[in-house]
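Engineer: My questions will all concern the structure given below.
The values are calculated or read from the model by the stated rules, or taken from the named source; none is laboratory data. This one's a predicted model, so the numbers in the text were calculated from it and none came from an experiment. Cβ sites come from the backbone with ideal geometry, for glycine too, and all protein chains shown count toward neighbours. Accessible surface is based on the protein model in full, side chains and every heavy atom, while ligands, DNA and RNA are left aside. Shrake-Rupley method; radii C 1.70, N 1.55, O 1.52, S 1.80 Å.
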Amino acid sequence: DQLKLPASGKTTTFSLPREFWNANVIVEIVAGGVTRAQPYYANSLAVQVIENYGHLKVTNQKTDVPLAKVYIKVYARLKDGTVQFYKDGYTDLRGRFDYASLSTTELDDVDRLAILILSESEGAVIKEANPPKQ
């Protein structure tokens, strides 16, 4: 859609078409030769990141019921600035996932973690976390 900004201000609002209300979308704005894009993740997830232990808990936002079998994918930004895949898996029956533990010493080199939480029925969200202190 093309929208015109009102002459009286610098902002405007618009409604997404109904078919996108519960979908992940990227909103892209192009104006004055500048392009900006922002993802919007429609979800009904409540994610509690417990940085001290490197764990997270995923529940339904409205019912607070733990969500099992939610896919988790973790990427690490290392201290040298490179980014690499770190770990993936699924939440257990309690909606919990240990996103930090590995059987290697790789965590020692991690500066920051990006965590994708993806549920088939509840949507997706991305969180960031510091690695747990060792």
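Engineer: Which of the residues belonging to segment 80-97 are open to solvent by 50 Å² or more (accessible area, probe 1.4 Å) and part of a strand (DSSP E or B)?
Structural biologist: V83, Q84, F85, D88, Y90, R96
Engineer: Scan segment 32-52 and give yes if some residue there is within 19 Å of the chain's Cα centre (by Cα), among the acidic types (D, E) and part of a strand (DSSP E or B), otherwise no.
Structural biologist: no
Engineer: Scan segment 68-75 and tell me whether some residue there is at pLDDT below 95, of a type in the set (G, A, S), over 11 Å from L45 (Cα atoms) and loosely packed, with under 15 Cβ neighbours inside 10 Å.
Structural biologist: Step one: filter segment 68-75 for residues at pLDDT below 95, giving none.
Scanning segment 68-75 turns up no residue that is at pLDDT below 95, of a type in the set (G, A, S), over 11 Å from L45 (Cα atoms) and loosely packed, with under 15 Cβ neighbours inside 10 Å.
Engineer: Write out, first by first residue and then by second, each pair whose Cβ atoms fall under 9 Å of each other, whose residues are 6+ apart or on separate chains, and whose first residue, in segment 96-111, is among the aromatic types (F, W, Y) while the second is surrounded by 12 or more Cβ atoms within 10 Å (Cβ to Cβ) and not in a strand (DSSP E or B).
Structural biologist: Cβ pairs passing all conditions: F97/V70; F97/T91; Y99/G54.
Engineer: Checking the conditions here, which among T59, T63, T104 is polar (S, T, N, Q) and part of a strand (DSSP E or B)?
Structural biologist: T59
Listed here are the residues, each with its yes/no results for (1) farther than 30 Å from W21 by Cα; (2) open to solvent by less than 30 Å² (accessible area, probe 1.4 Å); (3) β-branched (V, I, T); (4) out of contact with any helix residue (DSSP H, G or I) (no Cβ under 6 Å at 6 or more places or on another chain).
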{"residue": "Q48", "(1), (2), (3), (4)": "no, no, no, yes"}
{"residue": "D64", "(1), (2), (3), (4)": "no, no, no, yes"}
{"residue": "L78", "(1), (2), (3), (4)": "yes, yes, no, no"}
{"residue": "S103", "(1), (2), (3), (4)": "yes, no, no, yes"}
{"residue": "D111", "(1), (2), (3), (4)": "yes, no, no, yes"}
{"residue": "S121", "(1), (2), (3), (4)": "no, no, no, yes"}
{"residue": "A124", "(1), (2), (3), (4)": "no, yes, no, yes"}
